[in-house]
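Single-structure report; data block below.
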Amino acid sequence: KVKGCWDSRLANALLVKAKDEHLKPECMGCLLSDLLDHEVTEARTFAESLISSPPSTNEIERTKAIVAARELMIHAADVGWSVVWPVIQKDDAFGRKVIELLAYESDTFATKAGKLLTEDQLTSLYIWIAHQYPRAEDPKHDEAYWEEPRDSVTTFRDSLLQYLKQRGTRKACDAIRQIINEFPE
């Protein structure tokens, strides 16, 4: 709805609202997505400021950090890797929440990650997800089912491997070998 009237005044107004500490995390995320799509530097700085290592134990601050991480990974030009990935590695629970949110956006994020992340980054992400969500625990469905977060994560995890495979580079082959060594089964 804002595409036709986007300007610096609207960007500033949305940024001020996104920073409102009384704003619910999901609403903040909606505003951040537009701001990040329009490459508003201050919005990126704000989103990054919410993500600390280790993440806050305050429930609202932690939820805002998780939402900000999701928005950076989906909407930032570099998928926010340098900010989000170290925190995911240090806090598995935080990482699991971020991945579960990203999994619902798996087409958007996986496509972007498949293009922008290096083979090493894709491999690290795949291996981390595979340890957190082991293939042996993947849901099995024989009939129609309502997709749960774990189903989405399974699809998301496997799409990362497909992007590595589709690259067809020597480095991608080395990455796949690394995954095979990590998960021989």
Notebook entry, point to check: Does anything in the stretch 38-73 have its amide N under 12 Å from the 7 Å Cα→Cβ label point of residue 10, and if so which residues?
Noted result: 38
Next item on the list: Return one whole number: the accessible area per residue of the stretch 1-126 in Å², for a 1.4 Å probe.
Entry: 51 Å²
Next item on the list: Run the dipole for the chain about the Cα centre, Lys and Arg Cβ at +1, Asp and Glu Cβ at -1, nothing else charged, and hand back the magnitude in debye, nearest 20.
Entry: 480 debye
Item checked: Tilt relative to the chain, helix 8-18 - C-alpha long axis, 0 to 90 degrees, to 10 -> 70 degrees
Check: Carbon and sulfur: what percent of the stretch 1-84's accessible surface (1.4 Å probe)?
Finding: 54 percent
Check: Beyond 17 Å, what percent of the Cα pairs of the stretch 1-65 remain?
Finding: 39 percent
Margin query: If I model the chain as equal point scatterers sitting on the Cα atoms and use the Debye formula, what is log10 I(q)/I(0) at q = 0.08, 0.15, 0.18 Å⁻¹?
Written below: -0.28, -0.90, -1.19
Notebook entry, point to check: What's the Cα-based Rg to Rh of the stretch 39-87, Rh via Kirkwood?
Noted result: 0.94
Check: Could you work out the helix-only [θ] at 222 nm for the chain, with each DSSP H run of four or more residues adding -39,500 (n - 2.57) and the total divided by the number of residues, to the nearest 500 deg cm²/dmol?
Finding: -22500 deg cm²/dmol
Check: Taking only pairs that are 8 or more places apart or on different chains, how many Lys pairs in the chain have Cα atoms under 19 angstrom apart?
Finding: 12
Check: What is the diffusion coefficient of the stretch 85-183 in µm²/s, taking the Kirkwood radius over Cα pairs and the Stokes-Einstein relation at 4 °C with a viscosity of 1.567 mPa s?
Finding: 93 µm²/s
Checklist line | Neighbour count of at most 11 Cβ within 10 Å plus DSSP loop: longest trypsin sites (Lys or Arg not before Pro)-free window in the chain | finding: 2-139
Item checked: Length-normalised contact order of the stretch 56-179 in % [C-alpha pairs under 8 Å, at least 6 apart] -> 25 percent
Next item on the list: Take the Cβ-Cβ distance between residue 177 and residue 136 as r, set R0 to 22 Å, and report the resulting FRET efficiency rounded to the nearest 0.05.
Entry: 0.55
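The values are calculated or read from the model by the stated rules, or taken from the named source; none is laboratory data. For clarity, every value in this text was computed on a predicted model and none was experimentally measured. Every residue, glycine among them, receives a Cβ derived from its backbone with ideal geometry; neighbour counts consider all protein chains shown. Only protein heavy atoms, including side chains, enter the accessible area calculation; ligands, DNA and RNA are left aside. Shrake-Rupley method; radii C 1.70, N 1.55, O 1.52, S 1.80 Å.
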